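The values are calculated or read from the model by the stated rules, or taken from the named source; none is laboratory data. Computed from a prediction, not measured in an experiment: that's the story for all the values here. Cβ placement follows ideal geometry from the backbone for every residue including glycine, while neighbour counts extend to all protein chains displayed. When the accessible area is computed, the model is the full protein with side chains, heavy atoms only, and any ligands, DNA or RNA have been set aside. Shrake-Rupley method; radii C 1.70, N 1.55, O 1.52, S 1.80 Å.
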Amino acid sequence: MCEIVLPCIYQPKESFDERKTPLFTVLLLRCWQREYDQRPYRHFRFKRLEFEDRMRRKYHCIRDFRVIANYLLSRRLRSVTITGVVVSNWDANLLKDFARSLFPLTSIHLKLMRLPSEFFAMLCLNAKKMDVMELCLDGTPLSDEDVRLLREFLLLSKTLRSLSVSCCSLTQYNFALIADGLHKSERVASFSANRLLGGHLSLDTEKIMCIMGSVLAQNRLQSLCLELCELTAQDMIPIGEHLATSKSKLQHLNLASNKIGPDGVFFLLRGITDGGGFLEVLDISSNSIGTHGGEWVAKYLTSCLMLKELYLTNNDIGAAAVNRILTTRRKRCHLERLTLYGNQFDAATARIVRRLLDAKVMLQTELDISYNYDVDLEEYRVIPWR
């Protein structure tokens, strides 16, 4: 992989095999887009691994990227998704053309890339000219300077509504800059920051949630995703208090793969019940809530009137608590999706699932488990349904 500040010295004429490699042109990109897109061909997608597999050679960070930039400039697109590409600042004109090609787009996904700080500086300078509503940088490492420039972009943009910086090497120190940009931005309603790092120290989740509490207090966020952030039960208190307010607009909350435990589930569900808010999707998978946490879910589930999707996979919930959660479907419950796989089940669980599905109280598409009759055991058992 090339360094960002240096030109690539790789010779693209050298291929993986002895067969002649096709010439990479704008026309070839247009033909590729016709394979995965539909008329009027407004959604561009480029993956480095697919490119190297088709071209039978390695990707060149200058010559090949020039072709991509020319194609983006020549087409009227709505969204762009580029994965695994190194953008070098060795050619300033190329970097400028690439940034200019993003101006009319409404959705920009730059995943697993390496972007120079000059790119973010160009975004800041032209933020008012851009029409972007969704910006996704998942897997793209961000330096402290990149984070500072991204904060400036959040302050200047008048159209941005969704920001995703998951797995971007954000630490508890520069995360505060991103949160400040969210706090002062005008329209951002969706935020995703999975896999925050602690830097040289362990991650201070109390500080992270204190910062997020001030962002939630603006009552603009409709979607929040904080997976793999080592959040504990006490960190759920600010979110629960926000959900308990009548002004909360949060509709989608993803807290999977943390450490909130049964107490964290209690704080969240109590907040949803007290506020009667608009939360529609709650993902608390892989949080070790156990049987006690499952009992809290069974108790408050019927009171969460707006909740449509609940994800509880891999939580080590006991069979008795799982059965109580399933029996709530007989009461006033509006769930459209419930996932329970990865917990404990018994024969009673299989019988309850059978009755719910046979009576069409739940459709199989709404549940990730099903039932099957075991001839050897002479009873029903639970099986996964993917």
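Just a few scattered comments:
- In this structure, LEU310 does satisfy being among the aliphatic types (A, V, I, L, M), closer than 19 Å to GLY271 by Cβ and crowded, with 16+ Cβ neighbours inside 10 Å.
- Strands (runs of 3 or more DSSP E) wholly inside the stretch 305-380 containing at least 3 residues that are within 21 Å of ALA256 (Cα to Cα): 309-311, 337-339
- Breaking point among (1) at pLDDT 90 or above; (2) open to solvent by less than 30 Å² (accessible area, probe 1.4 Å); (3) of a type in the set (D, E, K, R), for ARG354: (2)
- Within the stretch 315-340, the set of residues being farther than 20 Å from HIS292 by Cβ, in contact with a strand residue (DSSP E or B) (Cβ under 8 Å, 6 or more places away or on another chain) and not charged (D, E, K, R) comprises just one member, LEU335.
- Taking first residues from the stretch 222-236 that are within 8 Å of ASN258 (Cβ to Cβ) and open to solvent by 20 Å² or more (accessible area, probe 1.4 Å) and partners that are charged (D, E, K, R) and not in a loop (DSSP other than H, G, I, E, B), the Cβ contacts under 7 Å between residues at least 6 apart in sequence or on separate chains come to GLU230/LYS259; THR232/LYS259.
- Highlighted here would be helices (runs of 4 or more DSSP H) found entirely within the stretch 70-188 that include at least 2 residues which are hydroxyl-bearing (Ser, Thr, Tyr) and surrounded by fewer than 18 Cβ atoms within 10 Å (Cβ to Cβ), but there are none.
- The requirement of being surrounded by 20 or more Cβ atoms within 10 Å (Cβ to Cβ) and in a helix (DSSP H, G or I) is satisfied by HIS242.
- Selection status of THR25, of a type in the set (Val, Ile, Thr), open to solvent by 20 Å² or more (accessible area, probe 1.4 Å) and without any contact (Cβ under 8 Å) to a residue 40 or more places away in the chain: no
- Residue check for PHE191: in contact with a helix residue (DSSP H, G or I) (Cβ under 7 Å, 6 or more places away or on another chain), at pLDDT 95 or above and open to solvent by 30 Å² or more (accessible area, probe 1.4 Å): no
- Selection within the stretch 198-239 - assigned to a loop (DSSP other than H, G, I, E, B), among the aliphatic types (A, V, I, L, M), within 18 Å of ILE178 (Cβ to Cβ) and touching a strand residue (DSSP E or B) at 6+ places or on another chain (Cβ under 9 Å): LEU203, LEU221, LEU226, LEU231
- Within the stretch 53-76, residues that are over 19 Å from VAL87 (Cβ atoms) have Cβ atoms under 6 Å from residues that are acidic (Asp, Glu) in these pairs: ARG56/ASP17, counting only partners at least 6 apart in sequence or on another chain.
- CYS210 vs. criteria hydrophobic (A, V, I, L, M, F, W, C) and modelled with pLDDT of 95 or more: no
- Scan of the stretch 194-218 for residues that are surrounded by 15 or more Cβ atoms within 10 Å (Cβ to Cβ) and either of a type in the set (A, V, I, L, M) or under 14 Å from VAL165 (Cβ atoms) (or both), ordered by number: ASN194, ARG195, LEU196, LEU197, LEU203, ILE208, MET209, ILE211, MET212, VAL215, LEU216, ALA217
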